[in-house]
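This report refers to the structure that appears directly beneath it.
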Amino acid sequence: MIRFAHLLDRLIFTPGRNAKLRLLTDYFAEVPDPERGWAVAAITRDLDVKSVKPAQIKQLVYARVDGALFDMSHDYVGDLAEAAALIWPEKPGQNYVPTLADAVETLNDVTRAEALEVVERWFDALDASGRWALIKLVTGGLRIGVAARLVKVALAQYGDKPIQEIEELWHGLEPPYTELFAWLEDRGPKPASAAHAPFRPVMLSHPIEEADKPKIDLSEMAAEWKWDGIRVQAVRERDQTRIYSRTGDDIGPAFPDILGAMPFDAAIDGELLVFDPDIRDRFAVRPFNDLQQRLNRKTVGAKLLKSNPAFIRAYDLLWCEGEDLRPLPFAQRRARLEALLGEHDASPAGDERFDLSPIVDLGGWDALAAARANPPDEAIEGVMLKRRSSVYVPGRPKGEWWKWKREPHLVDAVMMYAQRGHGKRSSYYSDYTFGVWREGEDGAELVPVGKAYSGFTDQELRKLDKYVRDNTIARYGPVRSVRADQDQGLVLEIAFEGLARSTRHKSGLAMRFPRVNRLRWDKPSAEADRIEMLEAMLEGSA
Amino acid sequence: MTGVQAEALLHPTPKGLYCPPGDFFIDPVADVDRAVITHGHADHARAGHGAVLATPETIEIMATRYGEGFTRTRQPVEIGEVTVIGGVSVWLVPAGHVLGSAQAVVEYQGMRMVVTGDYKRRRDPTCLPFEPVSCDVLISEATFGLPVFRHPDTAGEVRKLLASLRRFPERTHLVGAYALGKAQRIICHLREEGYDETIFIHGAMKKLCDLYSRLGVDLGPLADATVKDGRGAKQDFAGKVVVCPPSAMNAAWARRFADPITCFASGWMRVRQRARQKGVELPLIVSDHADWDELTDTVREVDPAQLWVTHGREDALVRWAEVEGRYAKPLRLVGYEDEND
Ligand SMILES: [Zn+2]
Ligand SMILES: [Zn+2]
């Protein structure tokens, strides 16, 4: 537990991806089974232990320390788990320190009432970090900024195995993953993929640059739309149905509407989208923001299921009724997909949740460019080109699949605040909040509309950083307010993918993927865009 | 107790804690004619007083920081040496906070009051340990006066730093530490753990490190963290320890180092949110102030008739004392900042 707690302590404050990977692989090398396996499960949130409610933790603390002092401490620290972990009075002599494995195994054996008692005993034996980790574990609040995907990458690095193999195995594995570690350390065979409905690592595309065009022979390609949702893999095998994200995370529990409406044993590669429930004869795709409300949840309420129903628009068929189709060329897989989904147009009226993404007629580059610039649906974010002969392989094989995204939207905005970055950028002001003009009570004022932290070169970053330091008008912790008014201010040309209404932002708008496209040192701040321009964009797409 | 009221002997004023019969202030926050200074930190020791009574080390620290003209009259006094000012006996007792730090003991007509100044109870290789003095009124600091502040073992924190150096040998470990006291203490603890490589220091620390060495605190090999030829400099600091003031950790100055890991040595690092706000990658919980247990143990040990609590989280310590059945009150003195400790 102590070693695990120290790992968490270090991971929480480490911003760099490579540094995080090093911490994880070192941990795997230094800590034996089954401890390290339980740690993996805890971080990927695949660990199920008897839960204790935060209010119960609070009761334990009140029984040990003066309640008034605890309240003052909780106020100061903010986080209940942390305040409780820190204030717990040490009890010298309680020297049995549980390992993470002890904790998990014991908690699985005892009743809910007993669980609280053992937790209390462990509190006496652990130090503050250990108590914090334990509280987070039993209250289910372990969020440390490490994605499940990163842990899989660390496992792959540790065992020097391709990440795809880990992803493919993952859903058949059970904590504490002793077989997996044996394989990674070349002490045992590769674990058999035991799970039904496993994830199949996805095939990805390359973005098309101007220079690529001559290399692409359009006569060998099929074109389809790239829909603005999230890429998923829906798999049903006998009694098991799962929906995986692109990186193999199981997101199915948040989409019971789709899980219950998969009428075939198959693995479908498609786009997860939300449709307008009022249009019944076809799937009318809603903006990405409506899908966003369904993501990152463990469960979903009836109201949201009704207002934001989801479906999958199918691109490809990877497996069907026991047959692996991935070695077949795309054209054949596509034919099988069409046969599976049927000739008719699927629709909400038919209680269906799968339809077919159409193949787009391929004229030449000019026709394609026109279609891309002016697609028949707002929810289309570009065109995909797939070699008709391409077999389905994980990763990004060269020259097989291409994506040609729509040109981004642009807006000229004014830098308002700057914040220090992380890791290598921690000494630079590299995250910028920008705003556009609107009419306020005392004339034109800036209203923040987004935040960007990419799109500039290192050299530009140095200039931006200097600009921020030279034009600071106020500081709040890591944030600086920079001068931005009608007479002076730095104009940033911002590129973004889309716009949606949002109640979380002061402007009522939320931008997708905003980044700095160009630094407009030349442009007077007063000539930056106005909020009405963005409002008009929203009206146009609503 | 005795004839004289405690408030008549020492009481808070806007300029700081004042002693009317002796007509002097203790750690005043504004210019005064006569000051007793507990230690050299800037919020306690200011330039511009008429006369300064302090330990010889504190006097030297003030002269180093502010220049030789920091006061008109210097009154260095050894530990335990009694000075009588207007009938009030004043002497200094070690506080264990930084080199030269002392508690001020004030005695008048049988009434004894002790002002701890900043103090700690755990071992510090750079200064004399705290000595409890029995008294009628204890005026205690309370910087970490909340029971969530329990500083872990210092050697353990320093070992965290050494473990990180082994794990990330290509990265500079940039340790933010208060320039007076904390920096030298961290260096000494690193030496005690067997780290004998050159430690690089920020320019702002040079004079104080020199002074410590001159006063007999062995810091081992030190060098300036300056870039010599502008080229290949980043690699020069790869895998090295660089000690700098906390304000420099995220300043443009820090760019000269190889992918630095920012480590902040401070008692505030106990709280995760504080570490996160400062963008610290490796928090080191090392403080020169008493933690909650040290504060409460000290009050029990000294067992004063009255406890007055000053700078820090006064309310929690007062609450604790009341529950213990002690008379306690907050002083609400202003002007002391220990944000960087
Ligand atoms: Zn101090
Ligand atoms: Zn202080």
Seminar exercise, completed: Note to self: Kirkwood Rh of the range A:354-414, Cα pairs, one decimal, Å, is 13.9
For this session: Using only Cα atoms, find the angle between the long axis of helix B:154-167 and the longest principal axis of chain B, and express it within 0 to 90 degrees, rounded to the nearest 10.
Result: 10
Problem set entry | Cα point-scatterer Debye curve for the range B:154-284, base-10 log of I(q)/I(0) at q = 0.11 Å⁻¹ | -0.34
Problem set entry | Dipole-positive endmost among A:Gln488, A:Met511, A:Trp437 within the range A:422-515 (Cβ charges, Cα centre) | A:Met511
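Hey, could you grab the Kirkwood Rh for the range A:206-405? Inverse mean 1/r over distinct alpha carbon pairs, Å, one decimal.
Values: mean 1/r = 0.0569 Å⁻¹.
Evaluated over the range A:206-405, this radius sits at 17.6 Å.
If you take the C-alpha gyration tensor of the range A:360-454, multiply each eigenvalue by 5 and take the square root, what semi-axes do you get, largest first, in whole Å?
Details: eigenvalues 308, 105, 15 Å².
Taking √(5λ) for each Cα gyration eigenvalue gives 39, 23, 9 Å.
When Cβ neighbours within 10 Å are restricted to other protein chains, what is their mean count per residue of peptide A:7-15? Could the numbers behind the result be given before it?
Values: counts 0, 0, 5, 7, 0, 5, 12, 4, 2.
Whole-number average of other-chain Cβ neighbours for A:7-15 is 4.
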Exercise. When you count, for each residue, the other Cβ atoms within 10 Å and take the mean per peptide, how do A:292-298, A:237-243 rank with the highest first?
Worked result: A:237-243, A:292-298
Seminar exercise, completed: Compactness summary of the range A:2-139: radius of gyration and Dmax from Cα atoms, Å, are 15.3, 45
Exercise. In nanometres, what is the gap between the two model label sites at B:Thr73 and B:Val323, each 7 Å from Cα along Cα-to-Cβ?
Worked result: 4.8
Exercise. Hey, if you drop one equal point scatterer on each alpha-carbon of the protein assembly as shown and run the Debye formula without solvent, what base-10 log of I(q)/I(0) do you get at q = 0.05, 0.11 Å⁻¹?
Worked result: -0.38, -1.41
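At a threshold of 8 angstrom on Cα-Cα distance, excluding pairs fewer than six apart, so keeping six or more, what relative contact order does chain B reach in percent?
On the way: 751 pairs, mean separation 58.9, N = 341.
Relative contact order of chain B: 17 percent.
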Exercise. Counting partner chain Cβ atoms within 10 Å of every residue's Cβ in B:279-289, what's the average?
Worked result: 3
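How do A:Met416, B:Met249 line up, fewest other C-beta atoms within 10 Å first?
Details: A:Met416 20, B:Met249 25.
Ordered by Cβ neighbours within 10 Å, fewest first: A:Met416, B:Met249.
Using the 10 angstrom Cβ neighbour count as an exposure proxy, how do A:Leu325, A:Leu169 rank, fewest first? Spell out each step's value before the answer.
Values: A:Leu325 19, A:Leu169 25.
Least to most surrounded, the residues fall as A:Leu325, A:Leu169.
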Problem set entry | the range A:1-71 and the range B:12-81: distance between their alpha carbon centers, rounded to Å | 48
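Using the structure shown, list the pairs from A:Lys20/B:Lys234; A:Lys152/A:Lys298; A:Lys136/B:Lys240; B:Lys160/B:Lys240; B:Lys120/B:Lys329; A:Lys58/A:Lys136 with a Cα-Cα distance above 25 Å, or answer none. List each step's numbers first, then the result.
Values: A:Lys20/B:Lys234 22 Å; A:Lys152/A:Lys298 21 Å; A:Lys136/B:Lys240 35 Å; B:Lys160/B:Lys240 15 Å; B:Lys120/B:Lys329 21 Å; A:Lys58/A:Lys136 13 Å.
Violating the 25 Å limit, Cα to Cα: A:Lys136/B:Lys240.
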Seminar exercise, completed: In Å, the Kirkwood hydrodynamic radius from C-alpha pairs for the range B:1-40 sits at 10.6
Seminar exercise, completed: Tilt, helix B:56-66 to longest principal axis of chain B (alpha-carbon atoms), in degrees rounded to tens, equals 60
Problem set entry | Taking only Cα atoms of chain B, radius of gyration then Dmax in Å | 20.6, 72
Exercise. Using the alpha-carbon atoms, what tilt in degrees (0 to 90, nearest 10) does helix B:182-192 show relative to the longest principal axis of chain B?
Worked result: 60
Problem set entry | Packing-based order for B:159-165, A:500-506, using average beta carbon neighbours within 10 Å, highest first | B:159-165, A:500-506
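With a Förster radius of 35 Å, plug the Cβ-Cβ distance of A:Ala444 and A:Lys405 into 1/(1 + (r/R0)^6) and report the FRET value to the nearest 0.05.
Working: r = 34 Å, r/R0 = 0.97.
It comes to 0.55.
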Problem set entry | More than 16 angstrom apart: percent of Cα pairs within the range A:385-431 | 67
Exercise. Given the range A:427-516 reduced to its alpha-carbon atoms as identical point scatterers, what log10 I(q)/I(0) does the Debye formula return at q = 0.11, 0.20 Å⁻¹?
Worked result: -0.34, -1.10
For this session: Report the antiparallel proportion of the DSSP beta bridges in the protein assembly as shown as a percent, rounded to a multiple of 5.
Result: 70
Seminar exercise, completed: Averaged over the residues of A:198-207, the number of partner chain Cβ atoms within 10 Å of each residue's own Cβ comes to 0
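Values quoted throughout were computed directly from the atomic coordinates according to the rules given, and no laboratory measurement underlies them. Note that the structure is predicted; figures quoted are calculated from it, not measured. Don't worry about glycine lacking a Cβ; one is built from the backbone with ideal geometry, like all the others, and counts go over all protein chains shown.
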